[in-house]
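Presented below is the structure to which this report refers.
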Amino acid sequence: MQTLLKITRFFSKTFALWVLVFAYLAFQFPDIFKPLKDAIPYLLGLVMFGMGITLTFNDFGEVFRHPKSVIIGVVGQFLIMPSIAFCLAKGFNLPPDLAIGVILVGACPGGTSSNVMTYLAKGNTALSVACTTISTLLAPLLTPIIFYVLASQWLEIDAAAMFVSVLKMVLFPIFLGLIVRALFKKQISQMSQTMPLVSVISIVLILSAVVAVSKDKIVESGLLIFGVVVLHNCLGYLVGFGAAKLLGLNIADSKAVSIEVGMQNSGLGAALAAAHFNPVAAVPSAVFSFWHNVSGPILANIFSSVKNNDGKDDEAK
């Protein structure tokens with residue numbers, strides 16, 4: 001078991017590397033990875049199931065202890081990132097498929113890697129976990145609504161069908177994970193520590209499938225979409241931190257909100273794009289998944305040198 005845990009930690013720390021390696025392989029040998037497209041919803045469900053079996057009631061404790069911070073983080077997640085995405089899509093006059101892809105990833109909830117980055121940044125990790133959990137649980141309702149409002153000018157959107165998809169790919173697997181944890185608490189405690197490995201493998205395979213089926217479009221607009229994704233992510237960090245400070249949160253909480261807002265569940269974005277739209281719409285999610293796992297550690301390193309208001313790291317919280 002210890003060997004498996006070491007492997008899990010290794011692959012979690014080198015996640016961005018594996019995304020890059022398999023993206024390259026999928027680009028060079030697309031026919032090998034194209035069949036994975038049909039498995040995308042199930043792979044994402046596996047990631048969400050893993051999230052479910054790792055959740056405890058303590059993860060919701062921060063909601064009751066510091067509701068203001070959680071509300072700011074969750075509202076920021078569903079307000080800041082979609083707004084920035086919309087402005088970038090309009091400002092760069094993106095083609096419809098790419099525009100809706102950028103807005104879709106912006107309308108997704110926070111990614112679980114934000115929790116690790118917040119810990120490394122010496123931010124409020126409990127707040128980050130609470131925000132990720134709440135935003136993920138709200139995603140079946142808010143993601144389709146926000147996406148419909150912002151992206152319907154580019155194409156016709158079936159928000160009801162998207163709602164059902166998010167329920168199946170996100171909420172159902174999470175609740176299944178919670179039930180399994182409740183029924184097999186002792187057996188699941190060790191197994192849950194290895195779920196990050198399953199998540200890394202699943203997300204890498206999702207993104208490989210997206211790259212394989214969208215190779216031609218990536219060649220055509222790769223530099224443009226990469227620039228847009230970098231701006232989207234970095235502006236999310238900046239505006240998230242600024243909004244948190246403006247609304248009176250301390251440094252540790254502001255770090256958490258900044259990272260939470262800037263890092264998205266790009267796996268969900270890719271899965272929804274592949275299920276409901278042209279595969280090209282999944283390209284921004286694929287690029288985002290790679291980039292935010294590069295920018296996240298960089299930001300965490302910068303934040304870790306910034307002292308919190310009380311002079312303590314979040315580990316004491």
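Results, tabulated for the structure shown:
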item: Conditions (1) of a type outside the set (D, E, K, R); (2) open to solvent by 30 Å² or more (accessible area, probe 1.4 Å); (3) in contact (Cβ under 8 Å) with a residue 12 or more places away in the chain; number of the one not met by F184; result: (3)
item: Residues located in the range 275-317, provided they are modelled with pLDDT under 80, buried (at least 17 other Cβ atoms within 10 Å of the Cβ) and either outside any helix (DSSP H, G or I) or of a type in the set (D, E, K, R) (or both); result: N278, N308, D313, D314, K317
item: Members of the range 138-170 found to be in a helix (DSSP H, G or I), over 19 Å from G73 (Cα atoms), open to solvent by 60 Å² or more (accessible area, probe 1.4 Å) and touching a residue at least 60 places away in the same chain (Cβ under 8 Å), listed by number; result: K168
item: Which listed residue, of V257, V211, V204, V180, is in contact with a Cys (Cβ under 9 Å, 6 or more places away or on another chain) and either part of a helix (DSSP H, G or I) or among the aromatic types (F, W, Y) (or both); result: V257
item: Within the range 191-220, tally of residues that are crowded, with 18+ Cβ neighbours inside 10 Å and within 18 Å of P96 (Cβ to Cβ); result: 5
item: Flag if L223 is open to solvent by less than 60 Å² (accessible area, probe 1.4 Å), closer than 25 Å to L88 by Cα and part of a helix (DSSP H, G or I); result: no
item: Meets criteria (open to solvent by less than 30 Å² (accessible area, probe 1.4 Å) and farther than 19 Å from S266 by Cβ) for P30; result: yes
item: Selection status of C131, in contact (Cβ under 8 Å) with a residue 24 or more places away in the chain, crowded, with 24+ Cβ neighbours inside 10 Å, in contact with a Gly (Cβ under 8 Å, 6 or more places away or on another chain) and not in a helix (DSSP H, G or I); result: no
item: Scan of the range 53-73 for residues that are assigned to a helix (DSSP H, G or I), crowded, with 18+ Cβ neighbours inside 10 Å and at pLDDT 75 or above, ordered by number; result: I53, S69, V70, I72, G73
item: The range 3-21: number of residues that are under 11 Å from F290 (Cα atoms) and in contact (Cβ under 8 Å) with a residue 60 or more places away in the chain; result: 5
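Residue-by-condition table, conditions (1) closer than 15 Å to Y237 by Cβ; (2) at pLDDT 90 or above:
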site	(1), (2)
M81	yes, yes
I84	yes, yes
G106	yes, yes
N115	no, no
L120	yes, no
N124	no, no
C131	yes, no
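The values are calculated or read from the model by the stated rules, or taken from the named source; none is laboratory data. All values derive from a computational prediction rather than experimental measurement. Glycine also receives a Cβ, built like all others from the backbone with ideal geometry; neighbour counts cover every protein chain displayed. Quick note on the areas: whole protein, heavy atoms, side chains included, nothing else; ligands and nucleic acids left out. Shrake-Rupley method; radii C 1.70, N 1.55, O 1.52, S 1.80 Å.
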